[in-house]
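Remarks on the structure that follows.
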C-alpha cells in the first residue's frame, strides 16, 4: 500500500492535518519494520483475519457493502466512535518513534548489559514490538473481543469494521497490525456522492460552523470544497493502495456493485463468504435530516464542482453526464 496522492492546488484548509500528512505514517511503519526485522509476532491477535471497509468519503456505498458482508456472517462495526478521532490519534502516536528506535533504552537490550540499576534507565521502555502489540490489542479489545463474544449468539465468527475517514496509509497501518486482514475499498462517482451528501446533511451551507459531518473532532465537511478535496485525497490514495496490494484489496465501485452482480460474485470469492444479494434491494434510511433534492446549488457549490470535476477523470470519474 502506498502513500496518498494530494492535489498541488489544495489549500491547507482543504484537508485535516491527519490526512494531509498521513504519508508519514507509512514511512514510520517501514522504519519500525526495518528496525525490528521480519520475525513473526506470536501474540494471539496476530491470527485475526478481519475485513476492513474503507471508502472514498461519505455517501460512497460503504454501508451497503457493510450490510452485504454482514449477511455473509461477519460482524462489521460501522464507524465505531470515529468522530472522536481515536484511530487517527492511535496511529499518529507512532510518528515520534523513529527518533527513539536506536536508543539503547529497551528492556531486553539493557538487561543484556548488566544490572538495570547500574545503567541509564531514564527512558527505559518495553520495546518497539510491544508498542505494536499494544496498538493491536487496543483495537482487538474494542472491536474483536465483543464480536467473538457475540459470535455464538449471532452466528458470526469473523469481524470487521467500516471506515470512511481513513486513507490508504491508514490501511497500511491496519494491515501492519493485522497481517491476515482483507480490505474492500469503496468508490463512487464524486458528483453523485456529493448530491447524496447535500440531501442528507441538511442546510450545511447556511450554518457552516456547526453543521456538516465531522471528519475529525476539529474538522467538519461543511463546504463543497472540503467535500471534494477529501474525496479526491481518499480516492487517489485508495486506488494507489489497491494497485500495490491486489491480493488483499478489493477495489469496488458503487456503480458496479448495483450493476450486473459480477462485483458481488467477486467479493464472495475473494472474501470466502456467501452473501445475500437481496440486501441490494432493501433500501434503508439512517434517520438523517434531509433537504429537498431539488434545492438549487449555491454559487460556492457550482464553483467547486467546476474546479474539481476534471480532477476526478484520472480516477475514472468526472466526465459530464
Return 312, 142 ranked ascending by Cβ neighbour count within 10 Å, so the fewest neighbours appear first.
142, 312
Of the peptides 297-303, 165-171, how do they stack up when ordered by the mean number of other Cβ atoms within 10 Å, highest first?
165-171, 297-303
What order do you get for 198, 311 when you list them from fewest to most C-beta neighbours inside 10 Å?
311, 198
Give the distance, in whole Å, between the Cα centre of the range 298-316 and the Cα centre of the range 230-281.
24
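Values in this text are rule-based calculations from the coordinates and carry no lab data. Every value quoted in this text rests on a predicted model; they were computed, and no experiment measured them. Because the Cβ atoms are built from the backbone with ideal geometry, glycine has one as well, and the counts that use them run over all protein chains shown.
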